[in-house]
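Novice: The structure that follows is given in the form of structure tokens.
Readers should treat all values here as calculations from the given coordinates under stated rules, not as data from a laboratory. Predicted model only: the values in this text are computed from it and were never measured. Here the Cβ positions follow ideal geometry from the backbone for every residue, glycine too, while neighbour counts run over all protein chains shown.
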Amino acid sequence: MSKIDQKQKYIVVSDFKDLQDKGKIYFAGDPFPKPANKKISVARIKELSSTKNKIGKVLIKEQD
């Protein structure tokens, strides 16, 4: 399982409950993940940054 580059930063664009992280709640504007040094798979980042998730909308984006 590939991990994201720790230099990449993501921001939440739509509120959601992370069912793969004990139901942690994220609100628009929050950094993702919390804590920032948490290991997240590339597949999970792709899922949350696309519409191919249970909510059906983009939940995070790469921070500029």
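Novice: Pairs needed: first member in segment 49-64, farther than 16 Å from residue 30 by Cβ; second member anywhere, in a loop (DSSP other than H, G, I, E, B) and of a type in the set (A, V, I, L, M); C-beta distance under 8 Å; at least 6 residues apart or different chains.
Specialist: Qualifying pairs under 8 Å: 50/58; 51/58; 53/59; 54/19.
Novice: Now for a different question. Which one is surrounded by the most Cβ atoms within 10 Å (Cβ to Cβ) among residues in segment 30-47 that are more than 10 Å from residue 10 (Cβ to Cβ) and among the aliphatic types (A, V, I, L, M)?
Specialist: 42
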